[in-house]
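Let me begin by presenting the structure, written as structure tokens, before commenting on it.
The values are calculated or read from the model by the stated rules, or taken from the named source; none is laboratory data. Everything numeric here is computed off the predicted structure, so don't read it as measured data. Virtual Cβ from ideal backbone geometry, glycine too; neighbours counted across all protein chains shown. SASA here: full protein model, heavy atoms, side chains in, ligands and nucleic acids out. Shrake-Rupley method; radii C 1.70, N 1.55, O 1.52, S 1.80 Å.
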Amino acid sequence: MNNDGHMHGMAMGPPPPSSSTTPLEEAGSGMMMKNHHHMMHMTFFWGKNTEILFSGWPGYDNLGMYILALVVVFFIAVFVEFLSHSNYINKSNVDDHVTSGLLQTALYGLRIGLAYVVMLAVMSFNGGVFLVAIVGHSLGFMIFGSRVFKKSSSEKNLDLPPMSCSC
């Protein structure tokens, strides 16, 4: 700021002029553009026309990709339960605490990251995604965490602490 109260070199010009045409008008004027009604649902809905995790995925009117998206969410949920109940860090090697601590931290980060991916998929509010996430977590717990498939009833030390949230 100089003595007369003006700032030199900081002048801001007017904003750039906006286009006078909208995407819908451009679509009608010869440009090919698919008009999908992208709407973020705030209540649960049923149907294959949804977006899960990424813009445009699984797409609209594509039942095969929707089923693939459900399978992906299901297996991610099962894998989260596998990580929650795994015991692969060798406890007999107590000399190398740094390596086992880094491996445990990496597994924890992977588990939490994948749990958040499932949570974000459920936030699409699609009923099918919600159901496969629940079934995936439940089946994963039954296989890896419950007593159904355990050979002994003794409690084992897990690599990771139990999930403290409901994600």
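Tabulated results
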{"read-out": "Near pairs, Cβ below 9 angstrom, 6+ apart or cross-chain, from region 135-164 (at pLDDT 80 or above and in a loop (DSSP other than H, G, I, E, B)) to any residue that is of a type in the set (S, T, N, Q) and surrounded by 10 or more Cβ atoms within 10 Å (Cβ to Cβ)", "value": "GLY145/SER84"}
{"read-out": "Hey, SER55 farther than 28 Å from PHE149 by Cβ, of a type in the set (S, T, N, Q), at pLDDT 90 or above and outside any strand (DSSP E or B) or not", "value": "no"}
{"read-out": "Where TRP57 falls short, out of the listed (1) open to solvent by 60 Å² or more (accessible area, probe 1.4 Å); (2) in contact with a helix residue (DSSP H, G or I) (Cβ under 9 Å, 6 or more places away or on another chain)", "value": "(1)"}
{"read-out": "Residue list for region 76-88, filter: over 13 Å from GLY145 (Cα atoms) and exposed (fewer than 14 other Cβ atoms within 10 Å of the Cβ)", "value": "TYR88"}
{"read-out": "Number of the condition not met by ASN49 [criteria: (1) at pLDDT 85 or above; (2) more than 15 Å from VAL129 (Cα to Cα); (3) not aromatic (Phe, Trp, Tyr)]", "value": "(2)"}
{"read-out": "Residue tally, condition open to solvent by less than 10 Å² (accessible area, probe 1.4 Å) and either within 10 Å of ALA77 (Cβ to Cβ) or of a type in the set (Ser, Thr, Tyr) (or both), over region 119-128", "value": "1"}
